[in-house]
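Undergrad: Okay, handing you the structure first.
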Amino acid sequence: MNGTSINNGDSATPPSSPGSTTVVKYEKSSCLFCNEWFDSQTFTEHLIHCGQVLEQCPNTCNVFVPRIRMRAHLKECPRNKRRSTSLERVDHQIDTRVQVLENEINTLRSVLNEEIRQRLHLITDVGNLRKQNQIIDDWQHSTNQNVKALQLRLDEENNQRTFEVEQCQQDFRCSFDTIQALKTEIRHEIDDLEKHINQMSLDLTQHQNHLNDNIMKLEETVLLHEKINRDKFIEVENFLQAINVDLNTKLSSGNDGGKYAALDVEVKSMKHMVCETEERCDKLETLVGQIDRSLHHTMQLVNDCENHIATQQRLTSYINCRGHLVWRIKNFSKKLEEARQYDTILHSAMFSNKPFGYALRLDIYLNGKGTWKGRNMIACLNVIAGEYDPLLPWPCRLQADVIIRDQTLNQLEPDDYVKTVLVRKKSDDYIQTKQFFHISHSILTQSRYVKNDSIFVEVKIVK
């Protein structure tokens, strides 16, 4: 019995290599008796055991009965009386054989199904491997392209580096030549500056000697006037005592009123002379105070000139050009007292915000200035004339932090007094717009800011 071979659509298509496609199809056949579908390997076995296959009755009754209903037909067959016993034995044998065959068929089916599943798994694994191989091939191709691109990039980078190194060498040679020329020029300028400083020192020495001579002469004059005034005071006191004694004598003797009036006039004239002498003494004391104040200011100017000369000498070596200054003010109490008496101003060392930048200086009024006088310390950051002003951008705008350093032992968390000031100057020959930093004496004289009669003032140029 032949079945009809068709394609039922159950197929598996394993992954294939690029450019080729392989389709695996499973061919099945339909049983003409039971209409069930079987593959080519189990179809023949099914026909042997199919229950719907028509078979002729073994009792020769000329009836075709489906195999599954053969037992019921044999029980009802009219020719079954003589063969009932033999048929029962045959049926028993057939049942036993059928049971054995069914068991074997089930076993074969299980084995075939397991093999089919394994084949499907293998086909799937092969497809996955092909996909992985394709991915690996693509990755290798892209990796090779990236390696080639990186190699090209490295070659370009090496060429660029070589060019930059050559350019740097040329720049270095040019810079070296420029530096040598600048050193020669600076050396000449330093020589000229040293000559100028020496001349200024000589002039300053002569001026100081002349000033000392004038001061000594003034002191001698003041001492002479004091001695003369003291002698006059003694003479006037003695004369007044004599007049007093004479008046008392004449009053006690009862002289006439004319002499008493004359004596009264003389006493008044003498008192007038005493008042004039006292006024002249007061004027002399005021003059001495002014001379003392002028002398102190002159000495301060001399110190400032010396500091300026030292600063000019330091500027020739270009130190402190980082925009950062730390200034220690020693003998603070003495300088504060001098500021209260003579209104002195303290000037810091000159520094710069950057190499070849603006020349800066911090000025401090220990006793204050204007409305802050007597209660606060005032500080001001000034832009002064520098060597490189023609090369710098104007107007000048700088921002700085002025810091009174905390001198306590706990340096992990210092309590510094910080204020920000702005510095503005339109040009190198224009008056500067000043902004003052102030701190009250009650805060400044605390132990954490003043230690060993010294304070530390720090300046940081922010921008």
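Undergrad: Taking a ≥ b ≥ c as the square roots of the eigenvalues of the Cα gyration tensor of segment 33-127, is the shape rounded (a/c under 1.5), prolate (a/b larger than b/c) or oblate?
TA: Numbers: a/c = 5.56, a/b = 2.67, b/c = 2.08.
Verdict is prolate for segment 33-127.
Undergrad: Now, a different point. In whole Å, what three semi-axes, largest first, describe the equivalent ellipsoid of segment 102-179 built from its Cα gyration tensor (square root of 5 times each eigenvalue)?
TA: Over the Cα atoms of segment 102-179, the ellipsoid semi-axes are 73, 9, 4 Å.
Undergrad: Within 12 Å, Cβ to Cβ, of K183, how many net charges do the neighbouring residues add up to if Lys/Arg are +1 and Asp/Glu are -1?
TA: After counting each charged neighbour, the total is -2.
Undergrad: Under 1.5 on a/c is rounded, so check that first for segment 85-232, then, if it is not, pick prolate when a/b is larger than b/c and oblate when it is not; a ≥ b ≥ c are the square roots of the alpha carbon gyration tensor eigenvalues.
TA: In terms of gyration-tensor shape, oblate.
Undergrad: Further, regarding this structure: Would you calculate the separation in nanometres between label points at R293 and N212, each defined as 7 Å from the Cα along the Cα-to-beta-carbon direction?
TA: Once both label points are built, they end up 2.7 nm from each other.
Undergrad: OK, next. Of the cross-linked pairs K335/K425; K334/K451; K334/K419; K419/K460, which ones have a Cα-Cα span greater than 22 Å in the structure shown? Could the numbers behind the result be given before it?
TA: Values: K335/K425 30 Å; K334/K451 14 Å; K334/K419 25 Å; K419/K460 11 Å.
The answer is K335/K425; K334/K419.
Undergrad: Any idea of K131's accessible area? Nearest 10 Å², probe 1.4 Å.
TA: 120 Å²
Undergrad: Taking the highest mean first, how do the peptides 280-287, 325-332 order by number of other beta carbon atoms within 10 angstrom per residue?
TA: Per-residue Cβ counts within 10 Å, averaged per peptide and sorted highest first, yield 325-332, 280-287.
Undergrad: Now for a separate question. Can you tell me which of 179-188, 52-61 comes out highest on packing, and rank the rest after it, using the mean Cβ neighbours within 10 Å?
TA: 52-61, 179-188
Undergrad: So, in nm, how far is label A242 from label R340 when the simple model puts each one 7 Å beyond its Cα toward the Cβ?
TA: Spacing of the two 7 Å Cα→Cβ label points: 4.8 nm.
Undergrad: Want the number for E36 to E285: 0.36 nm per residue separation, take away the alpha-carbon distance, what's left?
TA: 75.3 nm
Undergrad: Quick check: residue separation of L202 and R424 times 0.36 nm, minus the Cα distance between them. What number comes out in nm?
TA: Values: separation 222, 0.36 × 222 = 79.92 nm, distance 3.62 nm.
Contour length minus the Cα-Cα distance gives 76.3 nm.
Undergrad: While we're here: Please express the Cα-Cα pair-distance distribution P(r) of segment 161-206 as a list of whole percents, one per 10 Å bin, running from 0 to the bin with the greatest distance.
TA: Reading upward from the zero bin: 25, 24, 20, 15, 10, 5, 0.
Undergrad: Could I ask something else about it? Along Cα→Cβ, 7 Å out, is where each label goes; now give me the distance between the ones at K75 and V222 in nm to one decimal.
TA: Placing both labels 7 Å along Cα→Cβ, they lie 15.9 nm apart.
Undergrad: Sort 288-297, 361-370 by packing, meaning the average of other beta carbons within 10 Å per residue, with the highest value first. Please report the intermediate quantities before stating the final value.
TA: Values: 288-297: 13.6, 361-370: 19.3.
Listed from highest to lowest mean packing, they are 361-370, 288-297.
Undergrad: Which lysines, on any chain, are close to K217 with Cα under 26 Å apart, when same-chain ones fewer than 8 places away are left out?
TA: Here the lysines satisfying the reach criterion relative to K217 are K227, K232, K283.
The values are calculated or read from the model by the stated rules, or taken from the named source; none is laboratory data. Treat the numbers as computed from the prediction; the structure is a model and nothing was measured. Neighbour counts are summed over all protein chains in view; Cβ atoms, including those assigned to glycine, are modelled from backbone coordinates with ideal geometry. Each accessible area value is taken on the protein alone, full model and side chains, heavy atoms only, with ligands, DNA and RNA left out. Shrake-Rupley method; radii C 1.70, N 1.55, O 1.52, S 1.80 Å.
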